[in-house]
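Visitor: Please find one structure pasted underneath; my questions will follow.
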Amino acid sequence: MQTKIFPFYFPQFYATPENDLWWGEGFTDWQLVENAKAVSTKQRQPRIPYGTDFYDQSIVMTLSEQAALAKRYGISGFNFYHYWFDGKLILEKPAENLLENKDIDIEYFFTWANETWTRQWVGKPKDILIKQQHIVDTELWKAHYQYLNQHFQDIRYLKVSNKPVFCIYRPELINNLDNFMSFFNDEAIKSGFDGVHFIALRAYDVINAENLYKNFSAIVNFQPRYAINKYLKKNGVVKNVLGKIARRLPESMQLNIATMLKNKTYSEFSYDSYLDTLKVRSDLNFLDKPVYQVAFPDWDNAPRYNERATFFSNVKLEKFVEALEIIKSQLNEYDEKIVFINAWNEWSEGAYLEPDTVNGHKYLEAVNDVFRCEY
């Protein structure tokens, strides 16, 4: 398999009835981006898109232009966040625009962001907006698969060995995970595939990880969360062990813990320290599966968390290039060479490849330069 580059794609830049209800009429993440303020001299806020292009993702032309821009710089496609809450879809419009417009020449696949939504942005993680229950019901599982299958059948949807790629953000939250995955594999075979190429995202270490990840085809160390949680927080041995246990508790209990432990001020980490974590060989060897690291151009979630923001200092273009180079060298060990970048357009977290008013297209050019010989 040739090297393929897939940044995560965030679909909350258009108004929805749910966000109108929860955050005010016409809300999109652009409001957070425009109103962002720095709480440290080491931050750069607000971040403004190049040409002040506060686009609307409900419009087909938006995705068409994004796809053309991505392809121009050697990006293979988009890894769309997929939001499914026991039968209810949210923020599905950009991916459906792609499905319905076969002339948009871009590959894609999904990451199921399977968490409960809360008011965590404003320091209220127990204030639930929509709950992710992971009900064990084969009819719901079937409905979910049937929705996804219309995408799986698209020639542009990424397959590995005739298996559509499907990532799960937090597999530890899924009730009866083994049965769920087995059901999806069976449905995929009925649909003409050889199963599903499941990929697990890993943002922290958990207890009994071998059992959790055993049926996945690959693992992604989701950065920068994995580096922060495992290395950069300096929690100490006891707290790290307790953290591994807590991550396997019911999500409602995790939300209670998050309320007690929420930050009261900002957290700053060094991009150099993140680069050091990418080289830890033990993080790339697990159950004889491919384990992919993630490159991110920058990170500053002040638009969402304000004074409780997490951000990285000492961020420079050449350091992003170094991250890409490290990840490129690691791909030599894998048959499926997939590059994960966080992200195409996470403007509310400062993680985006799209051009802004300061850097223009430099980060896209960097991706193209590092992987040019792979196309």
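The values are calculated or read from the model by the stated rules, or taken from the named source; none is laboratory data. Note that the structure is a prediction, hence the values are computed from the model and not measured. So basically every Cβ, Gly included, is an ideal-geometry build from the backbone, and we count neighbours across all protein chains shown. Side chains are part of the model used for accessible areas, which takes the heavy atoms of the whole protein and leaves out ligands, DNA and RNA. Shrake-Rupley method; radii C 1.70, N 1.55, O 1.52, S 1.80 Å.
Visitor: Going by average Cβ neighbours within 10 Å, how do the peptides 199-212, 71-84 rank, with the highest at the top?
Guide: Working: 199-212: 18.1, 71-84: 21.1.
Highest-to-lowest ranking by the protection proxy: 71-84, 199-212.
Visitor: Residues of the stretch 92-126 with backbone nitrogen within less than 20 Å of a virtual label 7 Å along the Cα-to-Cβ line of Asp56, please, listed as ranges.
Guide: Residues 92-101 qualify, since their backbone N sits under 20 Å from the label point.
Visitor: Roughly speaking, what is the stretch gain from Lys316 to Leu287, that is 0.36 nm per residue apart minus the C-alpha to C-alpha distance, in nm to one decimal? Don't jump to the answer; show the numbers that get you there.
Guide: Details: separation 29, 0.36 × 29 = 10.44 nm, distance 3.44 nm.
That works out to 7.0 nm of additional length.
Visitor: While we're on this one: Count charges around Ile104 for me, please; just the other residues with Cβ under 15 Å from its Cβ, Lys/Arg as +1, Asp/Glu as -1.
Guide: Values: positive: Lys71, Arg72, Lys93, Lys102, Arg156; negative: Glu65, Glu96, Glu100, Asp103, Asp105, Glu107, Asp154.
Net charge in that neighbourhood comes out at -2.
Visitor: Of Lys234/Lys328; Lys230/Lys328; Lys126/Lys289; Lys131/Lys214; Lys37/Lys124; Lys233/Lys328, which pairs sit farther than 30 Å apart, going by alpha carbon to alpha carbon? Mind showing how you got there, number by number?
Guide: Numbers: Lys234/Lys328 28 Å; Lys230/Lys328 22 Å; Lys126/Lys289 36 Å; Lys131/Lys214 27 Å; Lys37/Lys124 20 Å; Lys233/Lys328 27 Å.
Pairs exceeding the cut-off: Lys126/Lys289.
Visitor: Computed FRET efficiency, Cβ-Cβ of Ala68 and Asp205, R0 56 Å: what is it to the nearest 0.05?
Guide: On the way: r = 40 Å, r/R0 = 0.71.
Taking R0 as 56 Å, the efficiency between Ala68 and Asp205 is 0.90.
Visitor: So, in Å, what gap is there between the alpha-carbon centers of the stretch 189-210 and the stretch 42-81?
Guide: For the stretch 189-210 versus the stretch 42-81, the Cα centre distance is 28 Å.
Visitor: Need the full-extension length gain, Ser273 to Asp178, defined as separation in residues times 0.36 nm minus the C-alpha distance. One decimal, nm. Mind showing how you got there, number by number?
Guide: Numbers: separation 95, 0.36 × 95 = 34.20 nm, distance 3.57 nm.
Full-extension gain reported as 30.6 nm.
Visitor: Only residues of the stretch 265-287 count here: report those whose backbone N is under 15 Å from the spot 7 Å along Cα→Cβ of Glu307, or say none.
Guide: Only 265-267 fall inside the zone, counting backbone N under 15 Å.
Visitor: Report the far tail of the P(r) of the stretch 272-375, meaning the percent of Cα-Cα pairs longer than 25 Å. All intermediate terms of the calculation are to be shown ahead of the outcome.
Guide: Numbers: 1277 of 5356 pairs.
Everything past 25 Å amounts to 24 percent.
Visitor: Using the eigenvalues of the Cα gyration tensor, what equivalent ellipsoid semi-axes result for the stretch 1-131 when each is taken as the square root of five times the eigenvalue, whole Å, largest first? Numbers along the way, then the final one.
Guide: Details: eigenvalues 135, 85, 46 Å².
Ellipsoid semi-axes (Å, largest first): 26, 21, 15.
Visitor: What order, most packed first, do the peptides 169-180, 328-339 have when packing is the mean number of other Cβ atoms within 10 Å of each residue? Intermediate results must be reported in sequence, preceding the final value.
Guide: Working: 169-180: 17.5, 328-339: 15.7.
Top of the packing list down: 169-180, 328-339.
Visitor: Provide the net charge surrounding Ile90, with neighbours chosen by a C-beta distance below 15 Å and charges set as Lys +1, Arg +1, Asp -1, Glu -1.
Guide: On the way: positive: Lys88, Lys93, Lys131; negative: Glu18, Asp20, Asp29, Asp86, Glu92, Glu96, Glu115.
Spelling it out: positives minus negatives among the neighbours equals -4.
Visitor: Add +1 for every Lys or Arg and -1 for every Asp or Glu among the other residues with Cβ under 11 Å from the Cβ of Trp23, and state the total. Mind showing how you got there, number by number?
Guide: Numbers: positive: Arg119; negative: Glu18, Asp20, Glu25, Asp29.
Local charge sum for Trp23: -3.
Visitor: Treating only the Cβ atoms of Lys and Arg (+1) and Asp and Glu (-1) as charged, compute the dipole magnitude of the chain about its Cα centre; round to the nearest 20 debye. Before the final figure, lay out the partial values.
Guide: On the way: 43 positive and 49 negative charges, 271 e Å.
With Lys and Arg at +1 and Asp and Glu at -1, about 1300 debye.
Visitor: What list of whole percents do you get for P(r) of the chain, with Cα-Cα distances grouped in 10 Å bins up to the one holding the largest distance?
Guide: Final binned percentages: 5, 23, 36, 28, 7, 0.
Visitor: Most mobile of Arg281, Arg47, Arg156 per a Gaussian network model of the chain (Cα springs, under 10 Å)?
Guide: In this elastic network of the chain, the residue with the biggest mean-square fluctuation among Arg281, Arg47, Arg156 is Arg281.
Visitor: With a 1.4 Å probe and all protein chains kept in place, how do Tyr231, Tyr55, Tyr226 rank by accessible area, largest first?
Guide: Values: Tyr231 60, Tyr55 25, Tyr226 0 Å².
Ranking Tyr231, Tyr55, Tyr226 by accessible area, largest first, yields Tyr231, Tyr55, Tyr226.
Visitor: If I model a spin label as a point 7 Å beyond the Cα along the Cα-Cβ vector, how far apart are those points for Gln133 and Lys234 in nm?
Guide: Result for the modelled spin labels: 4.4 nm.
Visitor: If you don't mind, there's one more thing I want to ask. At 7 Å along the Cα-to-beta-carbon direction for both Glu34 and Glu100, put a label point, then send me their distance in nm to one decimal.
Guide: 2.6
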